[in-house]
Amino acid sequence: MEAPPIAGWSGKRAVELYVRTYTTMLQSSGDIRIESLVQAHLGMGSVLHPLAAEPQSDMGALLYAVRRLPAAISRCRRVVMGQSPQGFKAVMGADILSWDAVKAPARRRRWYHDGNDMLAVLIASKSDIDDLVPTLVAFQIEWNKLHRALQDVGLSDEEARLAAGATPDDWRRLREAWGDQCDANLAAIKRAECQIVLRLIGGSHIGFARNASRWWQPIAAAMDELGARDAPVYFVSSNAHSLVNVLTGVARRIEDEIVDWIGRTDRDLDAERRKLEAGHSRASRQNWLYYGARQVFDAHPERERMRKWRAELETANGVRHIPAVATGVDSAAQVFMLSKLDASAIDPRVGAVDERKLHESDACVVNVDYPLGEAAYHILRQVAEQAAWIAGVYVLGKAATLNADVGDVMIPNAVYNEHSGNTYWLDNCFTAGDVQPNLVYGSALDNQRAVTVRGTFLQNRDYLDFYYQGHYTVVEMEAGPYLDACYEVGQAERYPVGESVNMAQVNFDLGIVHYASDTPYTQARTLGARGLSYRGMDSTYASAIAVARRILQREEALVSPS
C-alpha cells in the first residue's frame, strides 16, 4: 500500500500504540489491571466505541461486548488466557476442564468458570488476544459509566434506562442479552465498580500450531472412516449449516413437518411462508425451510427421533460432523465424500448435477466453521500439510463494508493483511454473476479490495478513511491469514512480510466471498436489524450455493465422458 496521508497515519499509530501497550504488558507473569489500558483504548477512538471518552453510556459498545463475553463475566473479576488446558495445569495447577464450561452468545471461544470470580479462556492465535482485550476494556468502561449513572436512582426499568441515557430499543436489547440475570446485573452494577485483571499464560507460535494439529486429528479419523485420507480436498471456510443443507437436502425432505411446526410456534415466520406462497415475497422458500428446520431440530417434541434420522441420512450421504476438541481452536468441521452424495437431493439452485460423474469423484470437501483471525492461517496450514492434495480453497465469511449495504456480497481481487503487511492480488474464481441470481435482497459486487484487520474494536475513523481512500472497501479478519497459508501451499518458502504478492497463478482453485454484516460508517446497521433473522440467510446461501456449484462443476469436468 502507498504511504498513508497524515490523518490516516495518525489513526494507524493510535491503534498500534494500543496493541503495543497490552502486548507488552501481557508479557508479565502476573496479573495486569484492565484499568491500565483504558487511556490507550480511549486514545484509539474506536468506531465501535465512539462514546468511550464521554460520560454518557455507549449502549452499542456495551451490547457488542456483552454478546461476546460469557454471562459469568458480570460476577468475575479475573480473566486468564491460555493456549491449552495443560498449560493452565502446569502454570496455575488448575484443571480448567473440571470447571463449568460457559459460552458467549456471539463469539465462539472456549470459556471455563471456576464457580467464583475467575474465568479461563482458550485462545487459538494472537487474534484472540486482539479481540478479547479491547472487548474486556470496553465492557469495564461501560459498566463503570452505568455504575455512576445509577447511584442516585431506583432500579425500575424506566428509571435505570433514563439514567443510562439509553433508547427504549437499546434497553430492550440489553435485557434480551442478559435475560433472567438482567435485574441482578443492574443491582451489581449499582453496587460496585468493575475492576477486571487479566493474565496471559503462553502465547507461542508453536503452541498455536500444536493446537491446530490436535484440532485436525479427529478430522483425519473421520476421513479414514470414509476412505478419504488420500483424497483431493476442497477446503471451505464458512459455517456449520449452509453446505450441509445445500448438499444433503435434509430440510426439503421434512417440509411438511417444518410447515406444521412453524405454523404452531412462530407466527412471524409462518406469515413469511404465506407471503412466499402468495407471491408477495421475493425471498427463497429453500432458505425459509433451512431456517425453519433449525427450529424443528432444536425444539420439536420429537426432536431426538428427528435428529437421529438426520444423522443416519447424512451418514448414508457421506457426511461426517466433527465437533471442536478442547483446544483454543473452537471450530467444528464437516467432511463430505462427494461420491456418496445423492445428486437428486442437492439444492436445485446449484443447477443440474450429473449423478454418474458425481459418484466417480474421488474428492472430498472439508468445511470448517470459520475461525477468528490468525487461527485461519494455522488451520489451513495444518490441512494442507496433512491432505494428499489441495484442490481448492474457498473462504466465505462476514465482513464490514465501507461502500455497500448490509446483506450485500463483496468479492475481492485484492487483500491487504495487517498481520503480515502483505498485499495479495488474486484471480478470484467467483464473480458477481455466480452469486447475484440467488441474491434476493442485496447486490453482488466483485473487483473489490479487502483489508484484514487485527480486531473489530481496533479501527478508528481516520484508519478507515485511509483504507477507503485506497479503494479498500471490505473490512474483515480471515482472508489475509488464509492467503498467507495459501502462499505456503504453492511456494517453497514461508509467506513473506510487507510485500505485494501475485496469487493469480496458484495451482489450486481459489475463491473468497464476503457478505456484509455491518457498516462502520453508519453505526449499528447490522443483519440483525433487518426484520426476520432468516432474511440474513439470503447472502449466506447465495454465496454457499456458488461454492457448491463451483466444486461440483470442477469435479464433473475431471471425469471423462461416458
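What follows draws every value from the coordinates through simple rules; no lab data is involved. None of these values were measured; they are calculated from a predicted model. When we count neighbours, we look across all protein chains shown, and the Cβ atoms used for this are built from the backbone with ideal geometry, even at glycine.
Which distance in Å, rounded to a whole number, links the C-alpha centroids of the range 440-471 and the range 477-503? About 20 Å separates the Cα centre of the range 440-471 from the one of the range 477-503.
DSSP bridge analysis restricted to the chain gives an antiparallel fraction near 40%, rounded to the nearest 5.
Counting only other residues whose beta carbon sits under 14 Å from that of Gln334, what net charge do I get with K and R as +1, D and E as -1? Before the final figure, lay out the partial values.
Numbers: positive: Arg310, Arg320, Lys340; negative: Glu225, Glu314, Asp369.
That works out to 0.
Nearest 0.05, what FRET efficiency do Arg33 and Asp260 give at R0 = 56 Å with Cβ-Cβ as r?
On the way: r = 56 Å, r/R0 = 0.99.
According to the calculation, E is roughly 0.50.
Summing charges over all other residues whose Cβ lies under 9 Å from the Cβ of His419, with Lys and Arg as +1 and Asp and Glu as -1, gives -1.
Residue by residue, the range 325-335 carries 3J(HN,Hα) couplings of 7, 7, 10, x, 7, 9, 10, 5, 9, 9, 10 Hz when phi is fed to the Karplus relation 6.51 cos²θ - 1.76 cosθ + 1.60 (θ = phi - 60°); x denotes Gly or Pro. Considering only beta bridges that DSSP places wholly inside the range 6-201, some 45 percent are antiparallel.
Please report the net charge: other residues with Cβ closer than 10 Å to the Cβ of Ile262, K and R +1, D and E -1. It would help to have the intermediate numbers written out before the result.
Numbers: positive: Arg264, Arg267, Arg273; negative: Glu257, Asp260, Asp266, Asp268, Asp270, Glu272.
With Lys, Arg at +1 and Asp, Glu at -1, the neighbours total -3.
Model label points for Asp427 and Asn447, set 7 angstrom from Cα along the Cα-to-Cβ axis, are 1.7 nm apart. Measuring between alpha carbons in the structure, the pairs from Lys275/Lys398; Lys126/Lys308; Lys103/Lys357; Lys12/Lys398; Lys103/Lys145 lying more than 32 angstrom apart are Lys126/Lys308; Lys103/Lys357. Length gained on full extension, His147 to Asp298, computed as 0.36 nm times the residue gap minus the Cα-Cα distance: 50.6 nm.
For Ile390, the residues whose modelled amide H falls within less than 5 Å of its own, excluding neighbours fewer than 5 places apart on the same chain, are Val233. Taking the range 15-44 and a reference point 7 angstrom along Cα→Cβ of Ala188, the backbone N atoms nearer than 19 Å belong to 34-35.
Among Leu358, Leu380, Leu132, Leu26, which comes first, then next, by fewest other beta-carbon atoms within 10 Å?
Details: Leu358 19, Leu380 27, Leu132 23, Leu26 16.
Least crowded to most crowded, the residues run Leu26, Leu358, Leu132, Leu380.
Estimated from the Cβ-Cβ distance and a Förster radius of 45 angstrom, the FRET efficiency linking Asp100 and Gln505 is about 0.35. Annotation for Gln181 and Arg305: the two label points, set 7 Å from Cα along the Cα-Cβ direction, are 3.7 nm apart. Can you classify the range 6-201 as rounded, prolate or oblate using the Cα gyration tensor, where a ≥ b ≥ c are the square roots of its eigenvalues, rounded means a/c under 1.5, and otherwise it's prolate if a/b beats b/c and oblate if not? Taking the square roots of the gyration eigenvalues as a ≥ b ≥ c, the range 6-201 is oblate. For the range 22-28, the Karplus equation 6.51 cos²θ - 1.76 cosθ + 1.60, evaluated at θ = phi - 60°, returns couplings of 6, 5, 6, 5, 6, 6, 5 Hz by residue, with Gly and Pro reported as x.
Spacing of the modelled spin labels on Gln195 and Val559, each 7 Å from Cα toward Cβ, amounts to 6.8 nm. By the count of other C-beta atoms within 10 Å, a proxy for reagent exposure, Lys308, Lys145 are ordered fewest to most as Lys308, Lys145. Full extension of the chain between Gln469 and Ala326 gives 47.2 nm of extra length, using 0.36 nm per residue less the Cα-Cα distance. Each residue of the range 427-433 was assigned a 3J(HN,Hα) from its phi angle through the Karplus expression (A = 6.51, B = -1.76, C = 1.60, θ = phi - 60°), giving 9, 4, 6, 9, 10, 4, x Hz with x at Gly and Pro.
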